[in-house]
Amino acid sequence: MLRVIHPIAGVIGFLTIFVFWTSTLYSELFATHETVAAVKSMIVSGLFILVPAMVIVGASGMSLGRRRKDAPVLAKKKRMPIIAMNGLLILVPAAIFLNAKASAGSFDISFYAVQVVELLAGATNLTLMGLSIRDGRAMTARRRRAGK
C-alpha cells in the first residue's frame, strides 16, 4: 500500500508547489495587487493540501527505504531533510507573511524581499523533489524489469 501512497503524495506535493510558484510568478509579473493578494490567500489555504501530502511522502519514503542502502535511495534520503526544512523554515512562514502583507495592501521592500526568497526556495524544492521523483521512477522501473 505504501508503494501506491508514496508516489501519489509526492506528485501532489510537487504539483501543489508548482502551482503556488507559477501562480505567484504570473501574478507578480502580470496582475494587479488585488490578484497578488488573492493568490497569496489561496496559497495559505492550499497549505492544508501541501503539508499533509509532504508529511505522507516523507513518512512513507522513510518506511519504504529504511533498510535500503542503494545509491538512489541514499540520494532521496539526503534530499528529504533539505526539502522538509526548506518548506518548514522558509516556505510556510513566507507564505503566511506574504499573505498578511498582501491582505493589508503593504507591497513594500520587505514584501518583495521575502517574495524573492520564497521563489528561490520554491524553485529549490521543485528541483529536489523532481530529482526524487526521477529516482523513484527509475527504481520502480528496475524493480519491474527484475520481476519479469
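Values in this text are rule-based calculations from the coordinates and carry no lab data. As the structure is a prediction and not an experimental result, all values here were calculated from the model. Please note: Cβ atoms are built from the backbone with ideal geometry, for glycine as well, and neighbour counts cover all protein chains shown.
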Inverse of <1/r> over all distinct C-alpha pairs of the chain, i.e. the Kirkwood Rh in Å, gives 16.3 Å
Full extension between residue 112 and residue 44 adds, at 0.36 nm per residue less the Cα distance, a length in nm of 22.7 nm
When the charge dipole of the stretch 2-147 is computed with +1 on Lys and Arg Cβ and -1 on Asp and Glu Cβ about the Cα centre, the Cα farthest towards its positive end, among 6, 130, 30, belongs to 6
Most exposed to least, judged by fewest other Cβ atoms within 10 Å, 39, 116 sort to 116, 39
Those helices of the chain passing the 27 Å axial Cα length cut-off and the mean Kyte-Doolittle cut-off of -1.0 (DSSP H runs only) are 2-30, 33-65, 109-147
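Evaluate Rg over Rh across the stretch 92-148, taking Cα atoms for both radii and Kirkwood's formula for Rh.
1.37
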